[in-house]
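> There's a structure below that I have some questions on.
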Amino acid sequence: MMTFLKIVPLVTGFISETQTLNIKLRGFVEGNVPTSCLKITLEHRAEYPPGAGIPQIYDSSVIIESELPLFKRIIWHWKLSIFVWISMMAFMMELLFVLVCCLPIIIPRTRQGSGSAPVTGTSS
């Protein structure tokens, strides 16, 4: 009776019969060569006879969260700071280039006279 009542919400997608298993491996440190293969073995429960009690799996996924090696961990934590410093240094180099190469265009020099006053009118 319970299966009959649950069939409509299961088929329409309102509920699902999924189980999530989270396993944390403590102390697993990734080496220089990244992990590319992982083997998982499902065994039957102790209360069931051999061959029974193993769940049917339709879909599965594994997410491995491990610690990076020391050098990569330092780079990861300082990533934002490195980006900020690189951006600031690039801006300073561009500003220095503009000031050295384009200063006469940005701030034109004023002409200095020969030292004598200009003649503005005639005397009578």
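> Within region 1-16, how many residues are surrounded by 10 or more Cβ atoms within 10 Å (Cβ to Cβ) and outside any helix (DSSP H, G or I)?
Here the count works out to 1.
> Something else about it: Just to be sure, is Val62 of a type in the set (Val, Ile, Thr), modelled with pLDDT under 70 and part of a loop (DSSP other than H, G, I, E, B)?
Criteria not met by Val62.
> In addition: Could you please find all residues in region 43-92 being among the charged types (D, E, K, R), over 30 Å from Thr18 (Cα atoms) and in contact with a strand residue (DSSP E or B) (Cβ under 9 Å, 6 or more places away or on another chain)?
Arg73 - this is the single residue of region 43-92 that is among the charged types (D, E, K, R), over 30 Å from Thr18 (Cα atoms) and in contact with a strand residue (DSSP E or B) (Cβ under 9 Å, 6 or more places away or on another chain).
> Answer yes if at least one residue in region 22-32 is among the polar types (S, T, N, Q), modelled with pLDDT under 80 and surrounded by 10 or more Cβ atoms within 10 Å (Cβ to Cβ), and no otherwise.
No, region 22-32 contains no residue that is among the polar types (S, T, N, Q), modelled with pLDDT under 80 and surrounded by 10 or more Cβ atoms within 10 Å (Cβ to Cβ).
> With the structure loaded, tell me whether Lys39 is at pLDDT 80 or above, surrounded by 10 or more Cβ atoms within 10 Å (Cβ to Cβ) and among the charged types (D, E, K, R) or whether it fails that test.
Judged against the criteria, Lys39 is not a match.
> A further question follows. Restricting attention to region 90-108, does a residue exist that is modelled with pLDDT under 75, hydrophobic (A, V, I, L, M, F, W, C) and not in a helix (DSSP H, G or I)?
So far as region 90-108 goes, no, none of its residues is modelled with pLDDT under 75, hydrophobic (A, V, I, L, M, F, W, C) and not in a helix (DSSP H, G or I).
The values are calculated or read from the model by the stated rules, or taken from the named source; none is laboratory data. A quick note: this is a predicted structure, and the numbers were derived from the prediction, not measured. Quick reminder, even Gly has a Cβ in these numbers, built from the backbone with ideal geometry, and neighbours come from all protein chains shown.
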